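The next block holds one structure in the form of C-alpha cells; read it before the comments.
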Amino acid sequence: MRVAKFENFAANDDTAGFDETVRSSLGEDWSRMVRDWKEDGDESLVYVRAENNRVDMIVVDLDRGGLNLVKMTMDPDQLAKWTRDRGIRGGVQ
C-alpha cells in the first residue's frame, strides 16, 4: 500500500474534467469502479485493474483542502478469504 497526501492542493474550481485527467494518467488497462461527486467540488474516484494474479486499486480523493491518493495491490484470493473470515458480505468475485 502506498499513500500520498497533498495539502493545500490548488484544485481548479471546475472539477468536471478531473475524472478524465485521472483516467488518462492511469491508462487504458484501468477501469473506474466508483465515482462520488458532490456539488461543492469534492470528488472521490476508485480505479481498478486485474493483472496476472493480483488486483491493483487506486483511490483518489479530491476536496477543497487537498488531494489524497492510495494505491493498493492485492491477491484476489487472499482478499476474498479475508472478507469471508470476517463475515463481510459481497466479497470479491
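Some observations on this one:
- Where strands (runs of 3 or more DSSP E) fall entirely within the stretch 18-93, none has at least 3 residues that are hydroxyl-bearing (S, T, Y) and loosely packed, with under 12 Cβ neighbours inside 10 Å.
- Looking only at the stretch 62-73, residues that are at pLDDT 90 or above and not polar (S, T, N, Q) come to 4 in all.
- Pairs, first free of Cβ contacts under 8 Å to residues at least 12 places away in the same chain in the stretch 26-44, second part of a strand (DSSP E or B) and not acidic (D, E), C-beta under 7 Å, six or more apart: D36/S44
The values are calculated or read from the model by the stated rules, or taken from the named source; none is laboratory data. Since we're looking at a predicted model, the values are computed, not measured. Here Cβ is always computed from backbone atoms with ideal geometry, including for glycine, and neighbour counts include all displayed protein chains.
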